[in-house]
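K.L.:
Questions regarding the structure given below will be posed in turn.
The values are calculated or read from the model by the stated rules, or taken from the named source; none is laboratory data. Everything quoted here is computed from the prediction, not taken from an experiment. For neighbour counting, all protein chains shown are included, and Cβ atoms are generated from backbone atoms with ideal geometry for every residue, glycine included. Side chains included, ligands, DNA and RNA excluded: accessible areas come from the protein's heavy atoms. Shrake-Rupley method; radii C 1.70, N 1.55, O 1.52, S 1.80 Å.
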Amino acid sequence: MTMTATPGSTVLPMLLAEVEVVSVERLSPTFVRVELGGRDLADYGVDGDRWDQRIKLVFPDPVTGAITSTEGADESWWATWLERPASERGHMRTYTIRDVRGSGEQTTLVVDMVLHLEGDLVGPGSTWASRAVPGDRIVLLAPRRGHPYGGIEFTPAPGAELLLVGDETAVPAICTVLEQLPDDARGAAFLEVPVAADVQDVRRPAGVEVVWLAREGDPLGVRLHDAVVTHLGIPGAEVEVGPGEVDPDLWETPYYSSSGEEVPGDVADGGGTYAWIAGESKVVPGLRRHLVNELGFDRRQVAFMGYWRRGVAMQS
Ligand SMILES: Cc1cc2nc3c(=O)[nH]c(=O)nc-3n(C[C@H](O)[C@H](O)[C@H](O)COP(=O)(O)OP(=O)(O)OC[C@H]3O[C@@H](n4cnc5c(N)ncnc54)[C@H](O)[C@@H]3O)c2cc1C
């Protein structure tokens, strides 16, 4: 189907399209790189830098295989979609655009998808990624050229020292940001991955240090926490986060607060350190506490984002 030039049809402000898997590459034990293509992607576009641009993928139901219909979609699509049974509408999850290839109707979007190898926790996203082959079809929601879409959280002040921190789900976003940074960018990135074989070769400006940390069976987030607090000069800081501190919807940026805090609605105007931290919802608040409470980071200089939560399926 196409959402574009049919006379009389509604052109949605975002791209909602059924696309096809063009290629699949197993990058490492944890990452599967999936390239998605389709004529509708000719209308894909972001005004300015893409940075950590997120998109939504709607996976077919793993049991019924049903692909959600986008036929005749209009502004009420979201509400109508939510009303349909999950077995029919599929499962929506959030991913990062790792790369954009080609142009026009040959445009493809590349997504690096994490397989949940630790424990037996599976979800529709991870399951789909583990089985994906060229020709598979899936629905995506992405920015449409010329229309505001949102979904970019990387908003440092010009010249700010950067601190990028994430686990494997944030590796695609951090690598994509690193590749887009200007040559004179400064700072450090800390990326925790399940095993050493997941470490990727990524382009980085000379002034940005990139530190990969492989868990190799250690508890999630401990190496990341230790490396970051050491980098910030607060060694020995505790990682433990109490149950009451875990916000299931953790999203604290200069523009949005899941805890209902007042937000400035703009970013700091220069200098200092800008921190972008994403990953499992219990790991992120441990770091947040140190940055905000001990180092006094202004909330205009930070983005703390829960990308997933252990034991909880992300619902849309
Ligand atoms: C802005 C944003 C960008 C994101 N970008 C990416 C991306 O580019 N690539 C990517 O792979 N993920 C990305 N994620 C994370 C992804 O949306 C979640 O991991 C999501 O839970 C995956 O859906 P699922 O269907 O596989 O598992 P769900 O159905 O959501 O969860 C099922 C079970 O799997 C567990 N689980 C979920 N994720 C993981 C994990 N990574 N490791 C171990 N267990 C897990 C859950 O705790 C739960 O018990 C992003 C999230 C956000 C918010």
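K.L.:
Where in the stretch 237-316 are there trypsin sites (Lys or Arg not before Pro) that are in a DSSP coil and have at most 16 other Cβ atoms within 10 angstrom of their Cβ?
P.N.:
On the way: sites: Lys282, Arg288, Arg289, Arg299, Arg300, Arg309, Arg310; in loops: Lys282, Arg310.
Answer by residue number: Arg310.
K.L.:
Then there's this: Using a 1.4 Å probe on the protein chains only, how many percent of the accessible area of the stretch 1-108 belongs to carbon and sulfur? Spell out each step's value before the answer.
P.N.:
Numbers: 2500 of 5110 Å².
The computed percentage sits at 49.
K.L.:
What residue among Gly104, Ser69, Phe59 has its Cα farthest toward the positive end of the dipole of the stretch 41-135, where the charges are +1 on Lys, Arg and -1 on Asp, Glu, each on the Cβ?
P.N.:
Among Gly104, Ser69, Phe59, the one farthest towards the positive end of the dipole of the stretch 41-135 is Phe59.
K.L.:
How much area per residue is accessible in the chain when the probe is 1.4 Å and only protein heavy atoms are counted (Å²)?
P.N.:
Accessible area per residue: 45 Å².
K.L.:
What dipole magnitude, in Debye to the nearest 20, does the stretch 1-159 give about its Cα centre under +1 on Lys/Arg Cβ and -1 on Asp/Glu Cβ?
P.N.:
The dipole magnitude comes to about 160 debye.
K.L.:
I'd like the carbon and sulfur percentage of the solvent accessible area for the stretch 215-310, probe radius 1.4 Å, heavy atoms only, ligands and nucleic acids excluded.
P.N.:
C and S atoms contribute 49 percent here.
K.L.:
Return the carbon/sulfur percentage of the accessible area of the stretch 153-202, one whole number, probe 1.4 Å, all protein chains in place.
P.N.:
Result for the stretch 153-202: 52 percent of the exposed heavy-atom area is carbon or sulfur.
K.L.:
Could I ask something else about it? Would you work out the relative contact order for the chain, in percent, from Cα pairs under 8 angstrom that are 6 or more residues apart?
P.N.:
18 percent
K.L.:
Okay, moving on. Take the chain, compute every pairwise Cα distance, and split them into 10 Å bins from 0; I just need the percent in each bin.
P.N.:
With a bin width of 10 Å, the distribution comes to 6, 26, 35, 24, 9, 1, 0.
K.L.:
Could I ask something else about it? Given a cut-off of under 8 Å on Cα pairs at least six residues apart, what relative contact order in percent is computed for the stretch 194-313?
P.N.:
24 percent
K.L.:
Still on this model: Does the stretch 224-316 come out rounded, prolate or oblate, given a ≥ b ≥ c as the square roots of the eigenvalues of its C-alpha gyration tensor, rounded meaning a/c under 1.5 and, failing that, prolate meaning a/b above b/c?
P.N.:
Details: a/c = 1.96, a/b = 1.09, b/c = 1.79.
Oblate, because a/c is 1.5 or more while a/b does not exceed b/c.
K.L.:
Tell me the relative contact order for the stretch 96-152 as a rounded percent, counting alpha carbon contacts under 8 Å between residues six or more apart.
P.N.:
Relative contact order, the stretch 96-152: 19 percent.
K.L.:
With a Cα-only, solvent-free Debye model of the stretch 77-151, what are the log10 I(q)/I(0) values at q = 0.11, 0.22 Å⁻¹?
P.N.:
Relative scattering, expressed as log10 I(q)/I(0), comes to -0.39, -1.30.
K.L.:
Which value, in debye to the nearest 20, describes the size of the charge dipole of the chain about its Cα centre when Lys and Arg Cβ atoms bear +1, Asp and Glu Cβ atoms bear -1, and nothing else is charged?
P.N.:
Dipole about the Cα centre, nearest 20: 480 debye.
K.L.:
Size of the dipole of the stretch 276-316 about the Cα centre, Lys and Arg at +1 and Asp and Glu at -1 on the beta carbon, nothing else charged, in debye to 20? Don't skip to the answer; put the middle values down first.
P.N.:
On the way: 7 positive and 3 negative charges, 22 e Å.
Taking the Cα centre of the stretch 276-316 as origin, the dipole is about 100 debye.
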